[in-house]
Amino acid sequence: MLRPKVLIVNDHPASLLALESLLTQTAEENGFDMVTAQSGEVALRHVLHQQFAVILLDINMPGMDGFETAEIIHSHPRSASIPIIFVTAHHDDEMDRLKGYQKGAVDYLFIPVIPQILKNKVLVFVELAKKNLQLQYQTKQLEELNYDLQIKQMQDLKKINAALEAEIIERRQAEERAHSLATRDALTGLLNRRSLVEHLKEAIARAKRQNKSLAVLFLDMDNFKTINDTLGHDVGDDLLIQMAKRISDAVRGSDIVGRLGGDEFVVLMEGLLSYQDAAVVAKKIVQTNMPPCTIGVHSLKTSVSIGISLFPQDGDTVQTLMKHADLAMYHAKQQRRGSVQFFHEELNKRLLERIQLEQEIQHALERNEFELYYQPKVDILSSQVIGLEALLRWHHPRLELISGTDFISAAADSGQLVTIGEWVINAACEQARRWRDNESSLSKLPIAINIAIPQIFAGLPGTLRRTLHKYGILPSSIQLEITESLLIHDLEMVTSVLRQISESGISIAIDDFGTGYSSLSVLKALPIDILKIDQSFIRDLGKTTSDTAIVAAIINMARALAVRVVAEGVETKEQLAILRSLKCDEVQGFYIGQPLPADTLAQQLLQTTSA
């Protein structure tokens, strides 16, 4: 039986070869032949002498173009029913597409074509041609058979037709699946970046015509990178899937949700009566994502920061609205994780400043611009200095002296946090050795060093061991301060690392206690020596009964855990008196002593002792 044939017509040799190459393997596997032509005239000669299952026809050809070629092919009775699929590289001319369908095209594809879609479309007509050839062959046989055999063959023919219809349906479904893969995010099922941009482009055009507003919400998950890096990509993927569902459940039925990639999502809102509509949906998304996500044995607490840009006031193009929503989201992250911010022009200035700061951090270590200041911690009963906290300062060439809290998030974004953390450990140990060599009274005071999340997972015990050995100082010379919020990450991993450090003789403090929501069972499992009460509870001490009660409860809990308590942020005599009455162990703050350079602090403490 004859094999079906596919005619490919294109005057551009490279395009012709590309289309032929795309279908070569499919032709071998599905039993059809390909014929090529580089002009409309050559294509007509082929059509006169051969029967084709389908013709892939280029539009823009010199001499006889695709439209004229198609008209002549369909004007001849012998070739009038051959399906024609126009293939063109021109996307924007809708009149050309309409003209193509008027000339009898069954479809209209744009270069570059999606291979699977092209193959599926060709195979539908190839299979139809196969069946027609088979039917012709069987019809010829039927003419040679007797009446009874003809009846039986007709029944078989009906079965074949039914199977053909089922196969066509299956092919269409395969084509729909291929289309879905091209427009949907494979992980979450949301619209992908390409489709989202197309929807936004169409929405802007509608809003311009109808003189209406729309909003673009740019969403980014907080702490996703840390979770993904520490718990693995499988957990990260499951978390993204849950987040995608939560976001979709929180928006209006008419809103469009897409995933740009990574942990970034976008919501497109049309038909806004006021900007407050966007704020309402954004806040609902934030609230929906507040409960922890359960993934296997992990209970992961994350949040979503959202930036909002509005059409037309914040931009009238896809690129501008997306950029401004992204800037607003970045501002939201800097203000407070899990918050919502609208775009305004000041964000451009802040972003440029942030980028410049990140670049300057790269050179700060090389130029020796960092310095440690030291703030004393005092025993509340004896009023004696019993420890120091090392606080990072940057002698910035442009901004003068700035504290670590002003640039630590920029350091994290620039990937320098671990490097700066190691510098702090090295500088504190070097200072401890210097005080010891000078026989300073400060050499007996442990130096507390703040540790960031990435350091925990970057070989911290080894870094500490090597640095202590380098300067020949005892582990008791330093303390580590771990922010309580760090405990919501991989608790098992954190506990393992802290045990190694504790067993080496280094004491461990939980910093900013009261803000991280760690449970009593978590605290019991950790090898901690000190709790530092967050200064937000100390600030209003004595002004409200609730803060006094909270501080008293923390001190009593610390007694039960057999750990010492430090109150940070003490700024008044009244706060100190209340803490003394509550039997707090240690205090720290501006009222006790401000952070100072090492030499200045040593001189001040010497003068105080002499006096």
Restricting segment 268-285 to residues that are over 22 Å from the mean Cα position of the chain (by Cα) and not in a helix (DSSP H, G or I), which is surrounded by the fewest Cβ atoms within 10 Å (Cβ to Cβ)? Leu273
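Residues checked against (1) of a type in the set (A, V, I, L, M, F, W, C); (2) surrounded by 18 or more Cβ atoms within 10 Å (Cβ to Cβ):
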position: Leu491; (1), (2): yes, no
position: Ser496; (1), (2): no, no
position: Leu523; (1), (2): yes, yes
position: Pro527; (1), (2): no, no
position: Lys532; (1), (2): no, yes
position: Val551; (1), (2): yes, yes
position: Arg559; (1), (2): no, no
position: Ala567; (1), (2): yes, yes
Please verify whether Asn211 is closer than 25 Å to Asn289 by Cβ, of a type outside the set (Gly, Ala, Ser) and either surrounded by 15 or more Cβ atoms within 10 Å (Cβ to Cβ) or modelled with pLDDT of 80 or more (or both), treating the condition exactly as stated. no
Members of segment 193-229 that are closer than 18 Å to Arg337 by Cβ, in a helix (DSSP H, G or I) and not aliphatic (A, V, I, L, M): Phe224, Lys225, Thr226, Asn228, Asp229
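For the structure I just gave you, tell me whether Asp511 is within 19 Å of Lys377 (Cα to Cα), of a type outside the set (S, T, N, Q), out of contact with any helix residue (DSSP H, G or I) (no Cβ under 6 Å at 6 or more places or on another chain) and modelled with pLDDT of 90 or more.
Values: within 19 Å of Lys377 (Cα to Cα): yes; of a type outside the set (S, T, N, Q): yes; out of contact with any helix residue (DSSP H, G or I) (no Cβ under 6 Å at 6 or more places or on another chain): yes; modelled with pLDDT of 90 or more: no.
Against the criterion (within 19 Å of Lys377 (Cα to Cα), of a type outside the set (S, T, N, Q), out of contact with any helix residue (DSSP H, G or I) (no Cβ under 6 Å at 6 or more places or on another chain) and modelled with pLDDT of 90 or more), Asp511 does not qualify.
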Among the candidates Ala411, Ala390, Ala427, single out the residue that is part of a helix (DSSP H, G or I) and touching a strand residue (DSSP E or B) at 6+ places or on another chain (Cβ under 7 Å). Ala427
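Among Val9, Val54, Val106, which is the only one that is touching a Pro at 6+ places or on another chain (Cβ under 6 Å) and at pLDDT 90 or above?
Step by step, each of Val9, Val54, Val106 is checked, and only Val54 is touching a Pro at 6+ places or on another chain (Cβ under 6 Å) and at pLDDT 90 or above.
Take residues that are assigned by TED's automatic domain parsing to the domain that holds Leu381, touching a Gly at 6+ places or on another chain (Cβ under 9 Å) and on the phi < 0 side of the Ramachandran plot and tell me which of the helices (runs of 4 or more DSSP H) falling wholly in segment 498-611 contain 1 or more.
On the way: elements: 520-525, 535-539, 545-561, 573-581, 598-610.
Answer list for segment 498-611: 535-539, 545-561, 573-581, 598-610.
Here is a list: Ser305, Ser339, Ser309. Which entry is closer than 18 Å to Leu239 by Cα and either outside the structural domain of Val235 (by TED's automatic domain parsing) or polar (S, T, N, Q) (or both)? Give the steps one after another, and end with the answer.
On the way: Ser339 fails: closer than 18 Å to Leu239 by Cα; Ser309 fails: closer than 18 Å to Leu239 by Cα.
Selected residue: Ser305, the only one of Ser305, Ser339, Ser309 that is closer than 18 Å to Leu239 by Cα and either outside the structural domain of Val235 (by TED's automatic domain parsing) or polar (S, T, N, Q) (or both).
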Please determine whether any residue of segment 230-242 is out of contact with any Pro (no Cβ under 6 Å at 6 or more places or on another chain) and farther than 27 Å from Gln455 by Cα. yes
Quick one: which of Ser248, Ser303 is out of contact with any Cys (no Cβ under 6 Å at 6 or more places or on another chain), among the hydroxyl-bearing types (Ser, Thr, Tyr) and within 14 Å of Asp220 (Cβ to Cβ)? Ser303
Go through segment 414-424 and give me each residue that's surrounded by 18 or more Cβ atoms within 10 Å (Cβ to Cβ) and touching a strand residue (DSSP E or B) at 6+ places or on another chain (Cβ under 9 Å). Ile420, Gly421, Val424
For Val35, indicate whether it is in contact (Cβ under 8 Å) with a residue 24 or more places away in the chain, more than 22 Å from Ile169 (Cβ to Cβ) and of a type outside the set (Gly, Ala, Ser). yes
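Could you tell me whether segment 391-408 includes any residue that is in the same structural domain as Ser507 (by TED's automatic domain parsing), of a type in the set (A, V, I, L, M) and within 23 Å of the chain's Cα centre (by Cα)?
At the first step, the residues of segment 391-408 found to be in the same structural domain as Ser507 (by TED's automatic domain parsing) are 391-408.
Still in the running and of a type in the set (A, V, I, L, M): 391-392, 399, 401-402, 408.
Applying the additional criterion that residues be within 23 Å of the chain's Cα centre (by Cα) yields 408.
There is at least one residue in segment 391-408 that is in the same structural domain as Ser507 (by TED's automatic domain parsing), of a type in the set (A, V, I, L, M) and within 23 Å of the chain's Cα centre (by Cα).
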Wholly inside segment 287-350, strands (runs of 3 or more DSSP E) that include 1 or more residues that are of a type in the set (Gly, Ala, Ser), closer than 17 Å to Glu264 by Cα and in contact (Cβ under 8 Å) with a residue 24 or more places away in the chain are 304-311
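Residue-wise test of (1) more than 17 Å from Lys130 (Cα to Cα); (2) part of a loop (DSSP other than H, G, I, E, B); (3) more than 45 Å from the chain's Cα centre (by Cα).
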residue: Leu2; (1), (2), (3): no, yes, yes
residue: Leu16; (1), (2), (3): yes, no, no
residue: Glu20; (1), (2), (3): yes, no, no
residue: Thr24; (1), (2), (3): yes, no, no
residue: Leu44; (1), (2), (3): yes, no, yes
residue: Leu57; (1), (2), (3): yes, no, no
Take the residues in segment 312-327 that are crowded, with 23+ Cβ neighbours inside 10 Å and more than 16 Å from the chain's Cα centre (by Cα); name whichever of them is farthest from Val216 (Cα to Cα). His324
Starting from segment 456-479, take each residue that is in the same structural domain as Arg434 (by TED's automatic domain parsing) and list its partners that are of a type in the set (S, T, N, Q) and loosely packed, with under 14 Cβ neighbours inside 10 Å, counting only C-beta distances under 6 angstrom and pairs at least six apart or across chains. Pro475/Ser504
Output the residues belonging to segment 38-58 that are surrounded by fewer than 24 Cβ atoms within 10 Å (Cβ to Cβ), β-branched (Val, Ile, Thr) and in contact (Cβ under 8 Å) with a residue 40 or more places away in the chain. Val47
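Each row is one residue, and each column tells you yes or no for (1) farther than 18 Å from Asp11 by Cβ; (2) exposed (fewer than 14 other Cβ atoms within 10 Å of the Cβ).
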| residue | (1), (2) |
| --- | --- |
| Met64 | no, no |
| Gly100 | no, no |
| Asp107 | yes, no |
| Ile111 | no, no |
| Leu123 | yes, no |
| Leu128 | yes, no |
| Gln141 | yes, yes |
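This table checks each residue for (1) surrounded by 13 or more Cβ atoms within 10 Å (Cβ to Cβ); (2) in contact with a strand residue (DSSP E or B) (Cβ under 8 Å, 6 or more places away or on another chain).
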site: Arg539; (1), (2): yes, no
site: Lys543; (1), (2): no, no
site: Val570; (1), (2): yes, yes
site: Ile578; (1), (2): yes, yes
site: Ser581; (1), (2): no, no
site: Gly589; (1), (2): yes, yes
site: Pro595; (1), (2): yes, yes
site: Asp599; (1), (2): no, no
I need the full set of residues from segment 466-489 which are among the β-branched types (Val, Ile, Thr), at pLDDT 80 or above and surrounded by fewer than 20 Cβ atoms within 10 Å (Cβ to Cβ), in order please. Thr467, Thr483
(1) modelled with pLDDT under 85; (2) of a type in the set (Phe, Trp, Tyr); (3) outside any helix (DSSP H, G or I) all hold for Phe86 apart from (1)
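The values are calculated or read from the model by the stated rules, or taken from the named source; none is laboratory data. Computed from a prediction, not measured in an experiment: that's the story for all the values here. Backbone-built Cβ (ideal geometry, glycine too); neighbour counts: all protein chains shown.
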